[in-house]
Amino acid sequence: MTEADIVQKPAAAPRRLDPEDAQHALGEVQELLRRQELVASLVHRQEEGDTRQNLVEQLVQRQHEAELKALVDGLHPSDIAFILESLPKDERQAVWKLVSAEHDADVLLEVEDWVRESLIEAMDRQDLVAATENLDADELADLAPDLPADVVAEVQKGLTDEERAQLLEAMGYPEDSVGAIMDFEMVRVREDVTLEVVLRYLRRLHELPDHTDQIFVVDRQDKLQGILPLSTLLVSEPDIAVRDVMSTDYLTLAALDSDADAAGAFERYDLVSAPVVDDQGRLIGRVTIADVVDVMREDSQEQALSRAGLQEEDIFAPVAMALRNRAPWLLFNLCTAATASFVASRFEGTVSHIVILAFLMSIVAGIGGNSGNQTMTMIIRALAVGRITGRNLWQLVKRELLVTLLVGLCGSLVAALFAWGISGSVSIALVMMAAMICNMLVGASFGVLVPMLRDRFGKDPAIGSSVLLTFATDSLGFFIFLGLATVFLL
């Protein structure tokens, strides 16, 4: 090949990386699938003797498949994953069959767990082995729980002894630990070499591992001695020894540390990567910002679902599966709502004498719930980042109650004016004011106690917390409001 050939060779088309492009591509995929389904239905309706028309429509269907394949192949694996997650199972499988084999592994790593299972089920053993045989040990460990055991065993045969040991090590760590998200690709150097030697070593590499912002300095036993930032390497004189410019002030992680703690450290110190060491201080891996972003995203999704008592599920999952996921907390919520209604029914005489109370008590319950949700959201967030300790707990409780009391005083004045305006009774307005302040304090108290108690007993503080809070503010809100009305208005 001549130099002219190299110059004239067209560059590969860039793969799209814009989220808006992914959404636009999803619309195009759905439109092509709709056309393909329409053509398929027409083919089935053709009479057996009308072979010419049948052939034309089959050619049109193949053209749609070709357009769909060309569209999907022009996307980044993350965008393909987004499209697969956004399609019903049958359409998802149809698109998955058109994805180029070279992108199978990348897409499997990007999709959510609930989609990955269905994609793997649609692949035969040979395709799975081909898709995973070139993965790094840490990437293979991510997929291993969803892969058939014989596929994992087959892929391990092609690994080196070092890679096989890394795979077994990564698979042995708990799911939510640093060890489960760390990778083994990193650059290590000795402290007694010069920066010129380091630069020559880097030039011999095909490429640097992703998100490499620092080089790890180790001794002959792989014990971490310091870090060499790339910025320091580039601006320092090449004849200087590594030990003279390396930094000994750095953050290390342990493999059994929580991945949430690691995410907090990355956020606090603006890290791009961090070394992972064992009990003897030996370097065994690293965590990068890409891993941490995934952890933050997953934690955010889990918290949003947990607040409503849900677990992550396929939005196109069978109805039976969705029922198993949603029914338990909804039934519990039904019981709590029934309890609130029972409390209100005990004050039937009060409500029958002062009918306006029936319209006002929902305001008391609703404001108390909203106030408690504000407190609960702050507590759950503080627990997630480790800001709550035994020393500051009581101080936090007092602060939340004080803030709620002050907000309640302001809000209850507005509510009292409203109650007086529609009832014409100062007594009802004062009862409304007192009940609202009390129920907001109830909401704040439960907003602190529910997540704290669940965390104390090793449970996810977000799961079902809003349901329990609603139960407290509805039941006690009705009891407080109608109880005060019974005492002071009858």
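The values are calculated or read from the model by the stated rules, or taken from the named source; none is laboratory data. Worth saying up front: this structure is predicted, and the values here are computed from it rather than measured. Ideal geometry is used to build each Cβ from the backbone, glycine not excepted, and the neighbour counts take in all protein chains shown. The area values use the complete protein model at the heavy-atom level, side chains included, leaving out ligands, DNA and RNA. Shrake-Rupley method; radii C 1.70, N 1.55, O 1.52, S 1.80 Å.
Summary of values
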| item | result |
| --- | --- |
| Some residue of the range 1-12 being at pLDDT 70 or above and either in a helix (DSSP H, G or I) or assigned by the TED database to the domain that holds L98 (or both) | no |
| Residues satisfying the stated conditions in the range 216-231, i.e. open to solvent by 50 Å² or more (accessible area, probe 1.4 Å) and assigned to a strand (DSSP E or B) | K223, Q225 |
| Flag for L143 being within 23 Å of I289 (Cα to Cα) and in the same structural domain as V277 (by the TED database) | no |
| Residues being closer than 25 Å to A290 by Cα and touching a Leu at 6+ places or on another chain (Cβ under 8 Å) - total across the range 229-249 | 3 |
| Candidate set from the range 159-203 (those that are in a helix (DSSP H, G or I), closer than 16 Å to L143 by Cα and hydrophobic (A, V, I, L, M, F, W, C)); member that is nearest to the chain's Cα centre (by Cα) | I181 |
| Qualifying position, being of a type in the set (D, E, K, R) and surrounded by 14 or more Cβ atoms within 10 Å (Cβ to Cβ), among D279, D213, D249, D244 | D213 |
| Which listed residue, of A384, A365, A358, is assigned by the TED database to the domain that holds A462 and under 22 Å from the mean Cα position of the chain (by Cα) | A384 |
| Residue list for the range 350-374, filter: touching a residue at least 24 places away in the same chain (Cβ under 8 Å) and more than 20 Å from A434 (Cβ to Cβ) | N373, Q374 |
| Matching option when the condition is within 28 Å of D299 (Cα to Cα) and without any contact (Cβ under 8 Å) to a residue 12 or more places away in the chain, among L402, L396, L383, L449 | L449 |
| Residues being assigned to a helix (DSSP H, G or I) and open to solvent by 50 Å² or more (accessible area, probe 1.4 Å) - total across the range 115-139 | 7 |
| Matching option when the condition is surrounded by fewer than 21 Cβ atoms within 10 Å (Cβ to Cβ), in the same structural domain as T375 (by the TED database) and closer than 20 Å to G372 by Cβ, among M440, M452, M436 | M452 |
| Filter result (of a type in the set (S, T, Y) and surrounded by fewer than 22 Cβ atoms within 10 Å (Cβ to Cβ)) within the range 366-383 | T377 |
| Hey, E91 open to solvent by 20 Å² or more (accessible area, probe 1.4 Å), more than 24 Å from the chain's Cα centre (by Cα) and among the charged types (D, E, K, R) or not | yes |
| Check on D124, in contact with a Pro (Cβ under 7 Å, 6 or more places away or on another chain) and closer than 26 Å to G158 by Cα | no |
